[in-house]
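Enquirer: One structure, pasted below without further comment.
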Amino acid sequence: MASASFVKLNALSSPRISHRSFAHPSASPPPRVSFAIRAGAYSDELVKTAKTIASPGRGILAIDESNATCGKRLASIGLDNTEENRQAYRQLLLTTPGLGDYISGAILFEETLYQSTKDGKKFVDCLNDAKIVPGIKVDKGLVPLPGSNEESWCQGLDGLASRSAEYYKQGARFAKWRTVVSIPCGPSALAVKEAAWGLARYAAISQDNGLVPIVEPEILLDGDHPIERTLEVAEKVWSEVFFYLAQNNVMFEGILLKPSMVTPGAEHKNKASPETVAEYTLTMLKRRVPPAVPGIMFLSGGQSEAEATLNLNAMNQSPNPWHVSFSYARALQNSVLRTWQGKPEKIEDSQKALLVRAKANSLAQLGKYSAEGENEDAKKGMFVKGYTY
Ligand code: 13P
């Protein structure tokens with residue numbers, strides 16, 4: 001319900017301070033205007049949901065691959081892209097015993113939000129029982145952006161309010177919208193503006209319907225540029241994103257971010273150490289992200305499982321203004337797929353493999369991960385040029 005504290009907070013903030021500082025001493029004080037910048041019906045709930053997801057030692061399991069992308073995952077282990085196989089794979093992941101110790105939220109594709117286990121238990125109920133918040137991918141994917149340097153824009157605003165209301169009824173409490181920015185393509189001012197504006201409109205609509213928006217302008221790893229160039233582009237992108245989030249009256253306490261880490265391009269001659277990635281990424285975030293934002297949940301973007309965990313660990317070696325954690329898809333699922341191979345007798349081992357990665361990232365969120373004993377497979381990169389999701 002509407003947050004009394006938010007109304008008060010907003011009504012009592014800067015307007016009174018500016019009155020005291022600038023009004024003529026003899027002028028009588030103007031009537032107190034109560035203006036709530038953002039006190040929608042769901043304010044309290046949004047803040048609570050965001051805080052629950054951004055809770056110590058936990059992060060997000062992203063399994064919101066579209067049917068086409070899930071098909072690619074299944075094809076990698078020789079399975080057909082049927083609804084039955086997608087359901088079996090998602091059941092394996094979502095019913096992993098003990099998952100809620102390390103995972104606070106799971107992003108689902110629409111099909112999964114409405115699916116159940118083989119025994120008829122809704123996936124949403126499995127998640128709630130495990131204290132994992134169900135989330136939903138709401139964007140409709142990327143299409144070419146005319147007038148740009150062969151860049152793309154993200155569709156999905158049409159009908160978003162009614163879809164979001166339906167997802168809320170079905171049990172979703174947070175949303176994800178992924179758009180991309182390509183460094184080798186420029187990026188053009190048009191593509192950055194379009195990405196930022198789309199994310200801001202989506203975020204406002206999500207909050208209006210009770211869903212905490214995850215704001216994800218993925219800066220693709222593609223390219224041979226140095227880390228300094230990624231820093232420059234990331235600063236530009238996030239400054240525009242926050243400019244438009246503010247213009248759309250989005251409540252920062254009720255959002256989560258899903259940035260790419262600041263690294264050299266995947267085809268750059270040098271790799272950066274976790275310490276360097278942490279230094280550049282945190283510098284960028286501290287320059288651009290207000291401390292009102294509760295959580296930064298990184299994407300893995302094609303890094304190897306071990307690399308994504310090590311980088312996250314390096315970012316948590318000293319306190320940050322926000323919860324700094326993970327929202328990985330590839331860097332949590334790769335070992336699972338390799339272990340499962342579509343075999344029912346391998347389900348338990350696959351779930352253990354998921355727990356190994358989830359626990360490693362949980363430790364990294366707390367800054368306590370050590371890569372000792374990591375197997376060689378976890379160190380293999382998963383970068384795919386021009387990756388689509
Ligand atoms: P990756 O961790 O595979 O980059 O996934 C990104 C994503 O947007 C998932 O929701």
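The values are calculated or read from the model by the stated rules, or taken from the named source; none is laboratory data. Fair warning: this is a prediction, and the values are worked out from it, not measured in the lab. Heads up, the Cβs are rebuilt from the backbone with ideal geometry, glycines too, and the neighbour counts pull from every protein chain shown.
Enquirer: Name the single residue, out of those in the range 169-183 being more than 18 Å from the chain's Cα centre (by Cα) and under 16 Å from Val124 (Cβ atoms), that is farthest from the ligand (Cβ to nearest atom).
Expert: Of everything passing the filter in the range 169-183, Lys169 is farthest from the ligand (Cβ to nearest atom).
Enquirer: With the structure loaded, tell me whether Lys359 is among the basic types (Lys, Arg) and modelled with pLDDT under 95 or whether it fails that test. Break it down stepwise before answering.
Expert: Working: among the basic types (Lys, Arg): yes; modelled with pLDDT under 95: no.
Taking the combined requirement at face value, the residue does not satisfy it.
Enquirer: May I pose another question? So which residues in the range 64-97 are assigned to a loop (DSSP other than H, G, I, E, B) and either of a type outside the set (Gly, Ala, Ser) or closer than 23 Å to Ala172 by Cβ (or both)? Let's see the steps before the verdict.
Expert: Taking the range 64-97 as the starting set, the residues that turn out to be assigned to a loop (DSSP other than H, G, I, E, B) are 64-66, 76-82, 95-97.
Once the filter is applied, which keeps residues that are assigned to a loop (DSSP other than H, G, I, E, B) and either of a type outside the set (Gly, Ala, Ser) or closer than 23 Å to Ala172 by Cβ (or both), the range 64-97 yields Asp64, Glu65, Ser66, Ile77, Leu79, Asp80, Asn81, Thr82, Thr95, Thr96, Pro97.
Enquirer: Quick one: which of Ala165, Ala189 is surrounded by fewer than 16 Cβ atoms within 10 Å (Cβ to Cβ) and farther than 19 Å from Ala204 by Cα? Steps first, please.
Expert: Numbers: Ala165 fails: farther than 19 Å from Ala204 by Cα.
Only one candidate qualifies: Ala189.
Enquirer: Shifting gears a bit: Starting from the range 241-252, keep only residues that are of a type outside the set (Lys, Arg), then list their pairs with residues that are surrounded by fewer than 17 Cβ atoms within 10 Å (Cβ to Cβ) and in a loop (DSSP other than H, G, I, E, B) whose Cβ atoms are within a distance under 6 Å, requiring at least 6 positions of separation or different chains.
Expert: If the second residue must be surrounded by fewer than 17 Cβ atoms within 10 Å (Cβ to Cβ) and in a loop (DSSP other than H, G, I, E, B), the pairs left are Asn249/Ile37; Phe252/Pro290; Phe252/Ala292.
Enquirer: Another question, then. Among the residues of the range 367-384, are any within 16 Å of the ligand (Cβ to nearest atom), at pLDDT 80 or above and outside any loop (DSSP other than H, G, I, E, B)?
Expert: So far as the range 367-384 goes, no, none of its residues is within 16 Å of the ligand (Cβ to nearest atom), at pLDDT 80 or above and outside any loop (DSSP other than H, G, I, E, B).
Enquirer: Further, regarding this structure: In the range 208-235, what residues are of a type outside the set (Gly, Ala, Ser) and farther than 26 Å from Ile136 by Cβ? Even if it seems obvious, please write down each step before you answer.
Expert: Initially, the range 208-235 is screened for residues of a type outside the set (Gly, Ala, Ser), giving 208-209, 211-222, 224-233, 235.
Passing the criteria: Asp222, Asp224, His225, Pro226, Ile227, Glu228, Arg229, Thr230, Leu231, Glu232, Val233, Glu235.
Enquirer: Quick one: what pairs do we get from the range 92-111, first residue within 23 Å of Gly342 (Cβ to Cβ), second away from the ligand (no atom under 16 Å from the Cβ) and of a type in the set (S, T, N, Q), C-beta under 6 Å, 6+ apart or different chains?
Expert: What qualifies is Leu92/Ser350; Thr96/Gln351.
Enquirer: Moving on. How many residues, within the range 178-208, are within 22 Å of Glu253 (Cβ to Cβ), among the hydrophobic types (A, V, I, L, M, F, W, C) and touching a Lys or Arg at 6+ places or on another chain (Cβ under 8 Å)?
Expert: 0
Enquirer: Further question: What are the residues in the range 337-357 that are in contact with an Asp or Glu (Cβ under 8 Å, 6 or more places away or on another chain) and among the small types (Gly, Ala, Ser), if any?
Expert: none
Enquirer: Moving on to the next point. Which condition from (1) at pLDDT below 95; (2) at positive phi is the one that Gly342 breaks?
Expert: Among (1) at pLDDT below 95; (2) at positive phi, the lone unmet condition for Gly342 is (1).
Enquirer: If the requirement is being more than 9 Å from the ligand (Cβ to nearest atom) and not in a strand (DSSP E or B), which of these qualifies: Ala331, Ala308, Ala314? Spell out the reasoning first.
Expert: Working: Ala331 fails: more than 9 Å from the ligand (Cβ to nearest atom); Ala308 fails: more than 9 Å from the ligand (Cβ to nearest atom).
Being more than 9 Å from the ligand (Cβ to nearest atom) and not in a strand (DSSP E or B) holds for just one of Ala331, Ala308, Ala314, which is Ala314.
Enquirer: Which one of Lys137, Lys121 is within 14 Å of the ligand (Cβ to nearest atom) and of a type in the set (Lys, Arg)?
Expert: Working: Lys121 fails: within 14 Å of the ligand (Cβ to nearest atom).
After ruling out the rest, the residue left standing is Lys137.
Enquirer: Tell me, yes or no, whether the range 261-268 has at least one residue that is part of a helix (DSSP H, G or I) and within 21 Å of Arg178 (Cβ to Cβ). Break it down into steps so the answer makes sense when it comes.
Expert: Just the residues of the range 261-268 that are part of a helix (DSSP H, G or I), to begin with: none.
Within the range 261-268, not a single residue is part of a helix (DSSP H, G or I) and within 21 Å of Arg178 (Cβ to Cβ).
Enquirer: If Ile296 passes every condition in (1) in a strand (DSSP E or B); (2) more than 15 Å from the ligand (Cβ to nearest atom) but one, which one does it miss?
Expert: Of (1) in a strand (DSSP E or B); (2) more than 15 Å from the ligand (Cβ to nearest atom), only one is false for Ile296: (2).
Enquirer: Another one. Which numbered condition in (1) closer than 14 Å to Val324 by Cβ; (2) within 15 Å of the ligand (Cβ to nearest atom); (3) of a type in the set (A, V, I, L, M) is the only one that Ala266 fails?
Expert: So Ala266 meets the others, but not (1).
Enquirer: Next question. Return yes when Ala191 is away from the ligand (no atom under 15 Å from the Cβ) and more than 27 Å from Lys368 (Cα to Cα) and no when it is not. It would help to see each step written out before you state the result.
Expert: Numbers: away from the ligand (no atom under 15 Å from the Cβ): yes; more than 27 Å from Lys368 (Cα to Cα): yes.
Yes.
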